[in-house]
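One structure is given here, and the rest of the page talks about it.
The values are calculated or read from the model by the stated rules, or taken from the named source; none is laboratory data. Just so you know, these numbers come straight off a predicted model, no measurement behind them. When we count neighbours, we look across all protein chains shown, and the Cβ atoms used for this are built from the backbone with ideal geometry, even at glycine.
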Amino acid sequence: MTDRRFLSSWLGASTLLAFCLLTSSVWAGDKALAESLFREGRRLMEAKQFEQACPKFLESNEQDPSPGTLLNLAECYEKLGRTESAWVTYSRDAELARARAQTAREKLATERAAAIEPELARLEIDVPDAARIEGLRILRGDTEVERASWGVAVPVDPGSIVIEATAPGRRSWQTTISVIPKSAQLLTSPLLEVDGAAPPIATTESSESAQAPVVTSEPAPAPADADPGSGQRTLGFIVGGVGLVGLAVGGGFALSARSKNEDSKSFCRQDDPNRCSAEGVTLREDAQTAGTIATVAFGLGLAAVAGGVVLIVTAPSSGQGAALSLGGSF
């Protein structure tokens with residue numbers, strides 16, 4: 001009984017470690033792509049090619065969320081005049097920086113979000129009670145306007161926006177509105193007309209004859225395991241392999257932390273290393289984050305390797321089982 005409890009504990013712990021380390025390894029693989037996309041975005045920003053730069057920052061942040069990437073994305077949106085997108089992104093940047101205890105970055109993002117808020121354009125889509133028919137959906141561009149937002153002035157990016165209303169058995173309604181910067185505009189959705197060409201909505205009634213028969217069967221007996229410890233040994237090799245991946249991930253992040261810390265020095269004063277530009281602060285914060293990940297990955301990696309070895313060594317073999325049976329017969 002003790003061995004079974006021990007094995008169950010190791011199985012649970014090993015599964016958790018495997019999940020954590022596999023997640024870390026996937027993140028490490030995406031981090032390289034995120035860095036390349038970020039640098040390309042910065043190059044395009046410096047060339048004032050904002051339309052091309054914004055998607056690079058967006059994809060980089062999806063691969064590896066970073067307050068520095070979000071700050072650049074928000075600035076890119078602001079350059080394009082997309083005030084609502086910039087405001088939302090600055091706010092997200094402040095939240096992420098707060099979660100990572102990056103006080104300076106949180107303060108900067110919060111200040112920029114507050115500065116841009118008076119520039120926001122707002123659009124209210126009013127839906128009168130008579131127009132609120134069953135199944136009504138309202139789209140603002142590609143975004144569905146939820147019922148809770150009907151009659152509420154919400155921030156939107158300036159420019160042309162297509163508004164569409166649809167409902168089952170009704171003719172759709174569509175219009176294009178030009179949103180002016182710093183404005184508050186109101187749009188009223190009309191009652192949709194009945195679509196006479198639409199087929200009636202079919203209704204079905206369930207009957208006993210239409211119900212599928214319920215088939216039950218006894219589960220097949222599990223085949224005898226010729227080697228009772230094969231599953232445990234296989235798991236041991238998997239956990240051990242994942243542990244090696246974790247050690248490799250830790251090494252990669254350790255090198256990244258050292259490199260970013262060295263790079264940050266060029267953005268700090270020689271006489272006072274603690275006084276750095278925004279770029280220097282970002283590099284140091286990224287170095288601290290990478291160092292923390294390296295420490296965690298090393299710890300999990302070592303634990304998984306040790307766990308894999310224990311699982312392999314303690315796994316019973318078919319030879320052991322035969323010897324025990326033979327001894328019992330005497």
Lone qualifier among S66, S24 - being buried (at least 16 other Cβ atoms within 10 Å of the Cβ), hydroxyl-bearing (S, T, Y), under 30 Å from A303 (Cβ atoms) and modelled with pLDDT under 50 | S24
Leading residue by the ranking (nearest to the chain's Cα centre (by Cα)) among those in the stretch 30-50 that are of a type in the set (A, V, I, L, M) and either surrounded by 13 or more Cβ atoms within 10 Å (Cβ to Cβ) or closer than 17 Å to A290 by Cα (or both) = A34
Considering only helices (runs of 4 or more DSSP H) wholly within the stretch 217-330, the ones with at least 1 residues that are within 27 Å of the chain's Cα centre (by Cα), within 30 Å of P65 (Cβ to Cβ) and at pLDDT 75 or above are 230-264, 278-314
Check E51, E35, E106 and return the single one that is out of contact with any Cys (no Cβ under 7 Å at 6 or more places or on another chain), closer than 25 Å to S160 by Cα and charged (D, E, K, R).
-> E51
Among (1) modelled with pLDDT under 50; (2) loosely packed, with under 13 Cβ neighbours inside 10 Å; (3) within 26 Å of A94 (Cα to Cα), where does F6 come up short?
-> (3)
